[in-house]
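Down below is the structure, laid out as structure tokens.
Here, each number is a calculation from the coordinates, and none is a lab measurement. Quantities reported herein were computed from a predicted structural model and do not represent experimental measurements. We place every Cβ from the backbone using ideal geometry, glycine too, and count neighbours over all the protein chains shown.
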Amino acid sequence: MAVTGLFSVGLFGGAFDPPHSGHVALSAGAKSAFDLPRLIVLVSADPGHKRTHCPPHVRLELARAAFPDDEVVLDPYPRTIDLLRAEQYASPLFVLGADELARFPSWKEPDAVLALAELAVGTRPGYPRGQLEEVVAGLSRPERVHFFELEADPASSTEIRAGQGFERVPPAVAALIRDRGLYTD
């Protein structure tokens, strides 16, 4: 069950290479479930865990098109803990999908992340809840992890980069991709 009214800001980070309907649904779901007064979309300039196709300034422009009602900024920190230590947000709620929670123990200093922020985890029908419960049970502060439900959305950045699934990106993002000739061989 979502805890509302306790958080001053939601933080939603990622490579957004490109942003798609799943990202938009996750951010909207978190804003609604937790009654967030503000959401900051953090476009990772140089994700420490993956290679990106487009340069940071292009991914920032795409994210601004995908999230027109939110603050969208370039995140210069390669890891979440570095961002949280440097920016020192008051009462932050870090938004992520179930797939990222499954990888959370491999993040840099996950216990320190939980000391500085609580997590809002969007889950979709069919995702193995038992796996998530195991991850949460192994955390130092499991009470700081909150779940909220999302509808199924098959969008995938990998698919879009491969030239498929463009119907799963917001229209403004699709227009930028088309106009700039992005994600084509």
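Here are a few things to note about the model shown:
- Zone of residue 180's modelled label, taken as backbone nitrogen in segment 10-52 under 13 Å from a point 7 Å along Cα→Cβ: 16-19
- The chain - percent relative contact order, Cα under 8 Å, separation 6 or more: 27
- Segment 39-94 - Rg over Rh from alpha carbon coordinates, Kirkwood radius: 0.97
- Amide H partners (placed H, <5 Å) of residue 44, local residues excluded: 14, 15, 75
- Under 5 Å from the amide H of residue 169 lie the amide H atoms of 21, each residue being 5 or more positions distant or on a separate chain, with H modelled from the backbone and absent for Pro and chain starts.
- Coupling constants for segment 129-145 follow from the phi torsions by the Karplus curve (6.51 cos²θ - 1.76 cosθ + 1.60, θ = phi - 60°), and in residue order they are 4, x, 5, 5, 4, 4, 4, 4, 4, x, 8, 5, 9, x, 5, 9, 10 Hz; glycine and proline get x.
- Rounded to the nearest 10 degrees, the angle from helix 21-34 to the longest Cα principal axis of the chain is 30 degrees.
- Kirkwood analysis of the Cα pair distances in the chain returns a hydrodynamic radius of 16.7 Å.
- Taking a Cβ cut-off of under 12 Å around residue 91, the surrounding Lys, Arg, Asp and Glu residues balance to a net charge of +1, with basic ones at +1 and acidic ones at -1.
- 5 angstrom amide H check on residue 147, placed H, neighbours 5+ away: 121
- Inter-label distance for residue 108 and residue 74, nm, one decimal - labels placed 7 Å from Cα along Cα-to-Cβ: 1.9
- Scattering profile of segment 1-71 at q = 0.19, 0.20, 0.26, 0.27 Å⁻¹ [log10 I(q)/I(0), Debye over alpha-carbon scatterers]: -0.74, -0.81, -1.14, -1.20
- Between residue 167 and residue 8, the simple spin-label model (points 7 angstrom out along Cα→Cβ) gives 4.4 nm.
- The chain, helix-only ellipticity at 222 nm - DSSP H runs n ≥ 4, -39,500 (n - 2.57), divided by all residues, nearest 500: -10500 deg cm²/dmol
- Size descriptors for segment 101-145: radius of gyration and Dmax over Cα atoms are 10.4, 30 Å.
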